[in-house]
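What follows is a single structure, written as structure tokens, with notes after it.
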Amino acid sequence: MAKYLRKIRRRNYVILALFAVIYLCTTMCSPASHSVKTSAPAISDNDGKLFAGSASCITCHKTIYESHIGTAHYKTSKPASKEFIKGSFSPGKNHFVYNKWMEVVLENKGSGYYQTAFMNGAESQSERFDVVIGSGRKGQTYLYWNNARLYQLPISYYTPLNDWCNSPGYPSNFIKFTRQIPSHCIECHGTNAKAEVRPEEGTVFDKSQIIYGVDCEKCHGPATEHIVYHTAHPGEKTGRYIINARLLDRQQRLDACALCHSGVRKEIRPAFSFKVGDRLDDFSVPAYNTDSMSTLDVHGNQYGLLTSSKCFRMSQMDCSSCHNVHVNEVNSPKLFSQRCMTCHYEAAHNTCTMPPTPGLVLGDNCIDCHMPALPSQKISLEFSNASKSTPDLVRTHRIAIYSESVKAYLEKVKSKKSSGM
């Protein structure tokens, strides 16, 4: 009898912990937590599993959580506010001029930030910044809500030039606000969203079921059940009810990244159906010729480029061989080069054959020679009053020898050496 009562008490503790976690999820960790913290509904995936929010991970994974929130993944989408919008709204810097008849003014109207189109000096349309897409490391674009549908605003931001630009793919001679955003865009720039495609309306979102940014639960799965279990079993060291990448095979790990880094794909099943650990080709297939290098653009198809590399084909490397997704490692060529050197060293007879160059330490930067930033064939940017487009430069993930890039890099090293830098 006593054993039976202890069992009931233990079960009640688990139920109590579950309700506590659900309460915290709905009041603290929902996408609406930036505004109303008391009435947001619980957020679940397509299988009904409850999300807990990244903040819930801090209790047991404080170091990883604090570094992850500084990454471009985590910052890849946010509800719009001046804190997250990178472009300037200062007078003189907040106009995008198409020509003498058309311009867009980017302004704070008090109730929020807006893009307002003017045709021949008369206002033609004004829409609010509602969602920021992109961390700002390379650039950002912006979305606005029309009821439950999302649309792209005409003006984006390009970080290298610290300037507004025409949203990629929009015309340079006409102001448009009409590009509707499908759910797979949010699938790659967010952790969760509920959406359906309606014949007359396009993609319609449930705003209460969006988790912005690529957070812990994007890769590890909804964490509520995990938290409930480990709250009830604090001595348990094996992670239960959570996805552990170390237990996945190589292709499963690659597919987790390929979901968003393998170019344009044709959906077989709805967005947000794929879970880490699934086979990606069961959910979508490439919408390009995978056997042709000409279809592998540097923008958005890092997976295709990597898997076409000799380094990849002759090893067991995957994306995590070079990338630690929990840490912001941008602009760290020496760090990435050290990872190259784990396989390429003199004893293995596969190290760099470049002759010694004054001022150059080969092991400090393999990247600019073997994975240079190349112009995208898919994305070009147009700036205010510009007479031509500027291609977006993206670091290629096809590891190879690029003679022109090597030459340019060596010239840069020699220039720095001669100037005493």
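For this structure, a couple of remarks:
- Yes/no for Leu305 being buried (at least 17 other Cβ atoms within 10 Å of the Cβ), in contact with a Leu (Cβ under 8 Å, 6 or more places away or on another chain), not in a helix (DSSP H, G or I) and not charged (D, E, K, R): no
- Residue ID - nearest to Ser321 (Cα to Cα), chosen from residues in region 393-418 that are touching a Leu at 6+ places or on another chain (Cβ under 6 Å) and not in a helix (DSSP H, G or I): His397
- When Ala193 is tested against (1) of a type outside the set (D, E, K, R); (2) within 24 Å of Ile133 (Cβ to Cβ); (3) surrounded by fewer than 16 Cβ atoms within 10 Å (Cβ to Cβ), only condition (3) is not met.
- The set of residues from region 99-131 being in a loop (DSSP other than H, G, I, E, B) and either aliphatic (A, V, I, L, M) or without any contact (Cβ under 8 Å) to a residue 40 or more places away in the chain (or both) comprises Lys100, Trp101, Lys109, Gly110, Ser111, Gly112, Asn120, Gly121.
- Of everything in region 196-219 that is acidic (Asp, Glu) and buried (at least 19 other Cβ atoms within 10 Å of the Cβ), the residue that is nearest to Ser167 (Cα to Cα) is Asp215.
- Any hit, region 384-396, residues being exposed (fewer than 14 other Cβ atoms within 10 Å of the Cβ), modelled with pLDDT under 85, closer than 25 Å to Ser294 by Cβ and not polar (S, T, N, Q): yes
- Here Gln251 meets the list (1) within 26 Å of Leu296 (Cβ to Cβ); (2) surrounded by 15 or more Cβ atoms within 10 Å (Cβ to Cβ); (3) not hydrophobic (A, V, I, L, M, F, W, C) almost entirely, failing just condition (2).
- Consider region 175-224 and keep the residues that are of a type outside the set (Val, Ile, Thr), assigned to a strand (DSSP E or B) and within 19 Å of the chain's Cα centre (by Cα). The one that is farthest from Asp255 (Cα to Cα) is Gln209.
- Filtered residue count, region 64-80, keeping only those that are more than 17 Å from the chain's Cα centre (by Cα) and free of Cβ contacts under 8 Å to residues at least 24 places away in the same chain: 1
- Long-range neighbours under 9 Å by Cβ, at least six apart or interchain, first residue free of Cβ contacts under 8 Å to residues at least 12 places away in the same chain and assigned to a helix (DSSP H, G or I) within region 234-252, second of a type outside the set (Val, Ile, Thr) and surrounded by 13 or more Cβ atoms within 10 Å (Cβ to Cβ): Leu247/Gly277
- Residues located in region 261-295, provided they are touching a Phe, Trp or Tyr at 6+ places or on another chain (Cβ under 9 Å) and not in a loop (DSSP other than H, G, I, E, B): His261, Arg265, Glu267, Leu280, Asp282, Ser284, Thr295
- Residues of region 312-340 satisfying the condition of being surrounded by fewer than 14 Cβ atoms within 10 Å (Cβ to Cβ), assigned to a loop (DSSP other than H, G, I, E, B) and touching a residue at least 24 places away in the same chain (Cβ under 8 Å): Ser315, Gln316, Val330
- Condition met for Phe96 (in a loop (DSSP other than H, G, I, E, B), hydrophobic (A, V, I, L, M, F, W, C) and more than 26 Å from Arg265 (Cβ to Cβ)): no
- Within region 51-63, the set of residues being buried (at least 16 other Cβ atoms within 10 Å of the Cβ), in contact (Cβ under 8 Å) with a residue 40 or more places away in the chain and among the hydrophobic types (A, V, I, L, M, F, W, C) comprises Phe51, Ala52, Cys57.
- Residue match in region 276-292 (condition: of a type in the set (Phe, Trp, Tyr) and touching a His at 6+ places or on another chain (Cβ under 7 Å)): no
- Against the test of being touching a strand residue (DSSP E or B) at 6+ places or on another chain (Cβ under 9 Å) and under 30 Å from Glu200 (Cβ atoms), the options Ser183, Ser81, Ser172, Ser88 yield a single qualifying residue, Ser183.
- Reported count of residues in region 124-144, each being farther than 19 Å from Tyr170 by Cβ and surrounded by fewer than 23 Cβ atoms within 10 Å (Cβ to Cβ), is 2.
- Single unsatisfied condition, His261 versus (1) touching a residue at least 60 places away in the same chain (Cβ under 8 Å); (2) buried (at least 17 other Cβ atoms within 10 Å of the Cβ): (1)
The values are calculated or read from the model by the stated rules, or taken from the named source; none is laboratory data. Bear in mind the structure is a predicted one, so any value in this text is a computation, not a measurement. Ideal geometry is used to build each Cβ from the backbone, glycine not excepted, and the neighbour counts take in all protein chains shown.
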